[in-house]
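The values are calculated or read from the model by the stated rules, or taken from the named source; none is laboratory data. All values reported here derive from a predicted model rather than from experimental measurement. Every residue, glycine among them, receives a Cβ derived from its backbone with ideal geometry; neighbour counts consider all protein chains shown.
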Amino acid sequence: MARTSDRDVFVKRLAELSGEDGNFVSNEALRKKLKWEKQKYRTVHSVLRQEELIVVKRGRGGLLALAASQQSDKLKLFVSYSHIDKDLKERLIRHLQPLERENLIEVWADHEILPGDDWDKEISKKLGEADIVLTLVSIDFINSKYCYDIELIKALEREADGEAKVIPVILRSCLWTKSPLGRLKALPTDGKAVTTWLDTDDALTVVASGIRDSAIALLENV
C-alpha cells in the first residue's frame, strides 16, 4: 500500500475539522490535530496554498479552509501618497498587479474615487478598512498636511491597535527616519529611495516582493 503523503494527511485532517460546510479553522487547531512541529506545518501549508488547494484569511492565529468550499480572503491594501508622486505610484501599482492575480491583495488608491463622491469620507472609509497601508514617502509626502497629519496618523493608530500593517516605501530621499515612520522597516532594501536605483523597475520589483512576503505572513500567520 502506498504511503500517505504529508499533504494528503494535511488535507484530510483539515476536511475533518471543517465539517460538511467547509468552515474555516484555525492553524492552531489543525496543527494540534496533526501533532506536527511548526516548521513542518508551515512547509506543507505553504505548498498547498501555492497550489491553491487551500485558502486562508486573517483571524486569531490565522484561518484556513479547503479551496473547494471557501473563497480566498484578499488583504485590502491602501496607498497613501502625494499627488506629486503620481507617476511613481502608478508604476508601483502595476508591479502589484501580479499579487492581485494571486488573490493576495486588493489595491486601493484615491484615483478610484468617482466624480461626485465625498473624497474625504471615501478615503477615511478605505483607510479604516485596510489591512496594509503603503506610505509612499518623499519630501512632498512629509510636507503634505493631509498625507502626514491625517492619513499617516490614522494608519499608525490602527497599526498600534493591531488592525493594520504600515509599510513605508521610500520613493525619494528625505529625512523620513526622523518621522514616526523611522521606527518601521522600509522598502526597498535598507530604505534606499526608489529614485536612487539605476533601474526603477528593479527597485519596484524589490518593493513588490517585500509586500508579497508581508501579505503572505499576514494571511498564513502560522
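Some points to look at:
- Of E122, E159, all but one fail to be of a type outside the set (F, W, Y) and in contact (Cβ under 8 Å) with a residue 24 or more places away in the chain; the exception is E159.
- The lone exception for V107 - which of (1) buried (at least 21 other Cβ atoms within 10 Å of the Cβ); (2) under 13 Å from the mean Cα position of the chain (by Cα) it fails: (1)
- Strands (runs of 3 or more DSSP E) lying entirely in region 1-115 (those with 2 or more residues that are of a type in the set (A, V, I, L, M, F, W, C) and within 30 Å of F141 (Cβ to Cβ)): 75-80, 105-108
- D21 among the acidic types (D, E) and over 23 Å from D213 (Cβ atoms): yes
- Residue check for D117: without any contact (Cβ under 8 Å) to a residue 24 or more places away in the chain and either crowded, with 18+ Cβ neighbours inside 10 Å or over 22 Å from the mean Cα position of the chain (by Cα) (or both): yes
- Residues of region 139-162 satisfying the condition of being small (G, A, S) and either outside any loop (DSSP other than H, G, I, E, B) or buried (at least 18 other Cβ atoms within 10 Å of the Cβ) (or both): S144, A155, A160
- Count - residues of region 21-71 that are in contact (Cβ under 8 Å) with a residue 24 or more places away in the chain and among the charged types (D, E, K, R): 10
- Search result, residues across region 185-196 that are modelled with pLDDT of 95 or more and either buried (at least 16 other Cβ atoms within 10 Å of the Cβ) or touching a His at 6+ places or on another chain (Cβ under 6 Å) (or both): A186, L187, P188, A193, V194
- Some residue of region 163-177 being more than 29 Å from W197 (Cα to Cα), assigned by TED's automatic domain parsing to the domain that holds A193 and not hydrophobic (A, V, I, L, M, F, W, C): yes
- Yes/no for L136 being in contact (Cβ under 8 Å) with a residue 60 or more places away in the chain and in a strand (DSSP E or B): no
- Residue in region 97-113 that is at pLDDT below 90 and either under 18 Å from V169 (Cα atoms) or not assigned by TED's automatic domain parsing to the domain that holds D201 (or both) present: yes
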